[in-house]
Amino acid sequence: QVQLVESGGGLVQAGGSLRLSCAASGRAISMYAMGWFRQAPGKEREFVAGITRGGGNTYYLDSVKGRFTISRDYAKNTVDPQMNILRPEETAVYYCAANLGFRVEVAAGSWGYWGQGTQVTVSS
């Protein structure tokens, strides 16, 4: 099975940018649809961005469209979201997820594999 490790989180000012990275091991990411979720204290885990197994289609939470871009590097076995113009309300732990199959699912319960998360804090 695949193991996922996130990195790249940290503290950034509102309007700034961060690039997270999810490194997969154990299996090639070409076998999985990949996604990123986030969870703020006291809130449900929510879908942020996803990319299909073939990489041909990407999906985003409406509020991040135009600011976040998800991409996958098959050679490095990574999936990275570039996050621009960050907002304080986007402070959360960000998680990488993988799912066998082609589709990107919005529901967190539909994903089979998770990383441990990386903290993103956006200061106002």
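The values are calculated or read from the model by the stated rules, or taken from the named source; none is laboratory data. This structure is a prediction, so every number in the text was calculated from the model and none was measured. Neighbour counts are summed over all protein chains in view; Cβ atoms, including those assigned to glycine, are modelled from backbone coordinates with ideal geometry. In case anyone asks, the SASA skips ligands and DNA or RNA and just uses the protein heavy atoms, side chains included. Shrake-Rupley method; radii C 1.70, N 1.55, O 1.52, S 1.80 Å.
Listed values, structure above:
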quantity: ³J(HN,Hα), Karplus 6.51/-1.76/1.60, whole Hz, each residue of segment 93-100, x for Gly, Pro; calculated: 8, 9, 10, 8, 9, 9, 9, 5
quantity: Most fluctuating residue given options S30, S63, S17, as computed from a GNM of the chain linking Cα atoms under 10 Å; calculated: S63
quantity: Stokes-Einstein D (µm²/s) once Rh is taken as the Kirkwood radius of the chain over alpha-carbon pairs, at 4 °C in 1.567 mPa s; calculated: 92
quantity: Percentage relative contact order, segment 52-105, counting C-alpha pairs under 8 Å, at least six apart; calculated: 38
quantity: Contact order relative to length of segment 12-124, as percent, for alpha carbon pairs under 8 angstrom and 6 or more apart; calculated: 35
quantity: Rough spin-label spacing in nm, given labels placed 7 Å along Cα→Cβ, for S124 and R27; calculated: 4.2
quantity: Listed residues G109, L86, M31: farthest to the positive end of the dipole of the chain (Cβ charges); calculated: M31
quantity: Per-pair calculated FRET efficiency, R0 = 25 Å: R103 and K76 via Cβ, rounded to 0.05; calculated: 0.60
quantity: Surface per residue (accessible, 1.4 Å probe) for the chain, Å²; calculated: 49
quantity: Accessible area of the chain belonging to carbon and sulfur atoms, whole % at 1.4 Å probe; calculated: 50
quantity: Choice from A75, A33, A24 showing the highest fluctuation, given a GNM over the chain with Cα pairs closer than 10 Å; calculated: A75
